[in-house]
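Written below as structure tokens is the structure these notes are about.
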Amino acid sequence: MESEIKLMEPFKPNKLRIYRKGVTMYTCLVDSGTSMTRIRLFQENQLVDAVIKHVGAADVAVSGTKKALVEGLESGISQLKKKVGLADGDISAVILTGMVTSNNGLKEIPHVRNTVPLNDFSMIEEKKFTLAGCPVFYIPGVKVENGPLEEKDMMRGEECEIIGYLQSQENVTNNMVFIHYGSHHKIIRVENNHIVSCKTSMTGEIMALLSNHSILKNSIVDLANLEQKEEWVLKGFRQTFEQGFGRTVFSTRVLDVMEGNDKNNNMNFLLGALLALDYQFMEPILSNSKGKVVLYGRQLFPMLFRRILHRHHSTLKVEIVNPEKAGMLSTQGALAVYSQYLRKKQDFVSFGTGDD
């Protein structure tokens with residue numbers, strides 16, 4: 001870790017710059033997940049530019065070093081500064097959310113308990129180093145400790161997405177369910193501005209492993225070329241409940257080798273099995289839901305799962321957040337938390353380097 005921290009400039013509290021209300025501020029919002037990091041530059045509340053770095057928590061977990069992650073963050077922020085023509089002191093904060101705050105991220109920040117209301121969320125300031133000459137702030141994840149192991153869970157980043165969604169709504173119900181699709185699939189129940197329950201599956205990672213690193217690779221089409229076939233999705237979904245996930249997954253190869261089935265249909269069949277994997281742990285929360293269900297994230301799964309919900313929970317009101325809006329939810333949430341942080345500082349907040 002010492003060699004990796006040397007890549008980052010030391011924090012210099014004796015050279016604080018004061019930003020007062022009414023003064024234009026730039027902020028960098030970093031949303032870092034398992035395999036991808038998005039860095040967005042904002043001027044006040046307006047998006048100026050953005051870069052994507054294909055680095056994330058998985059790189060740290062596999063390599064055992066933070067070097068690639070640090071370099072990706074530094075280069076991305078520097079790239080934005082150079083493009084817009086900003087000096088170090090022009091960016092008031094680099095705000096980090098998601099897996100970058102985990103033990104496989106830049107620095108592990110303890111989760112806060114789900115008793116903390118979403119409209120009173122906290123930020124933590126980094127005191128030891130900067131990124132690309134800019135001060136660093138973390139938004140911690142949330143942990144749910146509701147009894148035994150099967151009821152415990154945690155998240156990093158989704159709390160900001162939910163805050164961002166709630167901020168964008170004129171009328172918010174007291175009982176909502178959010179289902180996030182990414183490397184991990186996650187169902188989160190929110191009541192009265194509190195996260196009351198959460199459950200996570202590694203479905204996204206399982207799909208990537210089966211599609212790219214298993215015997216099934218040549219039996220299916222790439223997701224980018226997929227034509228959705230609901231009847232084959234339902235076949236995979238039903239067989240998983242009848243014969244189990246492992247057996248159904250192997251049946252994808254049987255369809256290819258023994259029956260000569262179309263590879264597009266095989267992929268739909270596999271997706272049905274993955275949807276069943278999710279439905280099994282999500283169903284108890286869905287059965288007790290009385291409000292809206294919000295599906296967002298990777299576009300394919302929300303569309304397919306909505307069809308499952310219409311078949312098994314026809315009375316639920318279901319919304320799919322469009323991909324463009326979904327991609328900005330975490331940023332909107334982080335900006336809301338940051339705005340609250342500034343309000344708590346009242347007339348000014350001190351951070352950064354430079355002179356008044």
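Values quoted throughout were computed directly from the atomic coordinates according to the rules given, and no laboratory measurement underlies them. Only a predicted model underlies this, so the values are computations on that prediction, with no experimental measurement involved. Cβ: placed from backbone, ideal geometry, glycine included. Neighbour counts: every protein chain shown.
Observations, loosely collected:
- Helical segments meeting 20 Å axial Cα length and Kyte-Doolittle 0.0 threshold in the chain (DSSP H): 263-287
- Local electrostatic count at Leu234 - Lys and Arg +1, Asp and Glu -1, tallied over other residues with Cβ under 9 Å: +2
- Angstrom value of the Kirkwood radius, inverse mean 1/r, which spans all Cα pairs in the chain: 21.7 Å
- In a fully extended conformation the segment linking Ala58 and Glu44 would gain 1.8 nm over its present Cα-Cα distance, using 0.36 nm per residue.
- Counting other Cβ atoms within 10 Å as a rough exposure proxy, the listed residues Met176, Met154 run Met154, Met176 from fewest neighbours to most.
- Start at zero, step by 5 Å, and the Cα-Cα distances of the range 127-203 spread as 3, 13, 22, 21, 15, 10, 9, 5, 1 percent across the bins.
- Relative contact order (%) - criterion: Cα under 8 Å, at least six apart; region: the range 225-316: 31 percent
- A convex hull fitted to the Cα coordinates of the range 208-356 yields 177 cubic angstrom per residue.
- Applying a threshold of 21 Å to the alpha-carbon distances of Lys186/Lys317; Lys53/Lys263; Lys107/Lys152; Lys325/Lys345 flags Lys53/Lys263; Lys107/Lys152; Lys325/Lys345 as lying beyond it.
- Note on His194 and Ala224: the extension gain reaches 7.1 nm, defined as 0.36 nm multiplied by sequence separation minus the Cα-Cα distance.
- Legend: calculated FRET efficiency, His213 to Glu283, from the Cβ-Cβ distance at R0 = 22 Å, rounded to 0.05, equals 0.15.
- Relative contact order, percent, the chain [alpha-carbon distance under 8 Å, six or more residues apart]: 20 percent
- MRE, 222 nm, helices only [DSSP H, n ≥ 4, -39500 (n - 2.57), over the chain, to nearest 500]: -12000 deg cm²/dmol
- Residue order, fewest to most surrounding Cβ atoms within 10 angstrom, among Val62, Val221: Val62, Val221
- J(HN,Hα) series, the range 172-179, from Karplus relation 6.51 cos²θ - 1.76 cosθ + 1.60, nearest Hz, glycine and proline x: 10, 7, 7, 9, 9, 10, 10, 10
- Neighbourhood charge, 13 Å Cβ-Cβ cut-off, centred on Arg113 and excluding it, Lys, Arg +1 and Asp, Glu -1: -2
- Using only side-chain charges placed at the Cβ, +1 for Lys and Arg and -1 for Asp and Glu, the dipole size of the chain relative to its Cα centre rounds to 260 debye.
- Counted by neighbouring Cβ atoms within 10 Å, the residues Thr203, Thr315 run from fewest to most as Thr315, Thr203.
- If you take all other residues with their beta carbon under 13 Å from the beta carbon of Asn264, and give Lys and Arg +1 and Asp and Glu -1, the sum is -4.
- Cα centroid separation - the range 227-251 against the range 288-309, whole Å: 19 Å
- Toward the positive end of the charge dipole of the chain, with +1 on the Cβ of Lys and Arg and -1 on the Cβ of Asp and Glu, the farthest Cα among Pro284, Met99, Gln46 is that of Gln46.
- Amide H partners (placed H, <5 Å) of Val196, local residues excluded: Arg189, Val190, Glu191
- Percentage, to the nearest whole number, of Cα pairs in the range 16-137 over 22 Å apart: 36 percent
- Centroid-to-centroid separation of the range 177-217 and the range 93-150 [C-alpha atoms, Å]: 20 Å
- Under 5 Å, built H, 5+ apart or other chain: amide partners of Val112: Gly141, Val142, Lys143
- Potential lengthening between Val254 and Lys128 on full extension [0.36 nm per residue; Cα-Cα distance subtracted]: 39.7 nm
- A protection proxy built from the mean count of other Cβ atoms within 10 Å ranks the segments 316-327, 287-298, most packed first, as 287-298, 316-327.
- Between Glu231 and Glu145, the simple label model (points 7 Å from Cα in the Cβ direction) yields a spacing of 5.2 nm.
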